[in-house]
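The values are calculated or read from the model by the stated rules, or taken from the named source; none is laboratory data. Because the structure is predicted, anything quoted here is derived from the model rather than measured. Because the Cβ atoms are built from the backbone with ideal geometry, glycine has one as well, and the counts that use them run over all protein chains shown. Note: accessible area is taken over every heavy atom of the protein model, side chains too, but ligands, DNA and RNA are not part of it. Shrake-Rupley method; radii C 1.70, N 1.55, O 1.52, S 1.80 Å.
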Amino acid sequence: VADARVCVSLLPCGLPGGAITLADPVPVEERRAAARRLLRDAGYDGKPVVFLTARDQPVVDALARAAADMLRRVGFTVTLHDMLWPDLVRRRQSQAPSDGGGWSAFVTRWPALDLASPAWNEALRTTGETAWIGWPRDEALERSRQDWLDAPSAERLAKIERRAAEIVPYVPLAQFRLPIAYR
């Protein structure tokens, strides 16, 4: 059984120099109602969200299925594509539109330490073609990251987290610790 916790942040919670919690968790039904309103206001046309999942990765698959269910509950049309992890890794390289062999979303896992700092959090990079999968581009976030690198502070970290929450380069679904034993 994994040790899970609520962490409302793009950076892992509970680490030294850690994340700024952006907000208190909002009850599920309030979040769903707000998401439905935002989706309606954005003019969503029902185009399917192509969600990739790896059946041979139990944690990834369970999180992908839960996320797909959450998207459906707020009004998205979701098509879940089951595949093996190597196939998912190949397909996520595609920049084709989702209706042309591309994809909309997938789930992966990262060790918390790999995401713990704006200095090396690859998923937080928004440099377009040189960014991680999804290739987000946002000059304001990159400027904020550089400002933080020049002079780290809690205020600058909060600015990074606020901008990332606005543009959403990735969505943390859970933070958990898996039990491990050594001999």
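Below, the figures for the structure above:
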read-out: Summed side-chain charge close to R36 - residues other than R36 whose Cβ falls under 12 Å, Lys, Arg +1, Asp, Glu -1; value: +3
read-out: Portion, in percent, of the accessible area of segment 47-87 that falls on carbon or sulfur, probe 1.4 Å; value: 61 percent
read-out: 3J(HN,Hα) from dihedral phi, segment 84-91, Karplus parametrisation 6.51/-1.76/1.60, rounded to Hz, x for glycine, proline; value: 7, 3, x, 5, 4, 4, 5, 5
read-out: Relative contact order (%) - the chain, alpha-carbon pairs under 8 angstrom, separation at least six; value: 27 percent
read-out: Alpha carbon centroid spacing (whole Å) that separates segment 26-67 from segment 117-183; value: 21 Å
read-out: Long-range HN-HN contacts of V49 with modeled amide H, under 5 Å; value: T77, V78, T79
read-out: Extension gain (nm, one decimal) between W132 and R55, 0.36 nm per residue minus Cα-Cα; value: 25.4 nm
read-out: Karplus (6.51, -1.76, 1.60) ³J(HN,Hα), θ = phi - 60°, over segment 50-65, in Hz, Gly and Pro reported as x; value: 8, 9, 8, 9, 9, 5, 8, 10, x, 5, 4, 5, 4, 5, 5, 5
read-out: Residues of the chain: accessible area per residue with a 1.4 Å probe, Å²; value: 61 Å²
read-out: Cα→Cβ-extended label distance, 7 Å offset, between A62 and A33, nm; value: 3.1 nm
read-out: Radius 15 Å from Cβ of F51, net charge of other residues (Lys, Arg +1; Asp, Glu -1); value: +2
read-out: Global geometry of the chain, whether rounded, prolate or oblate, following the gyration tensor of its Cα atoms and the 1.5 cut on a/c; value: rounded
read-out: Amide proton proximity set for R137, modelled H, under 5 Å, gap of 5+; value: G128
read-out: Karplus (6.51, -1.76, 1.60) ³J(HN,Hα), θ = phi - 60°, over segment 135-152, in Hz, Gly and Pro reported as x; value: 6, x, 10, 7, 5, 5, 5, 5, 5, 5, 5, 5, 4, 5, 4, 5, 7, x
read-out: Accessible carbon and sulfur surface of segment 106-183 relative to its total accessible area, %, 1.4 Å; value: 53 percent
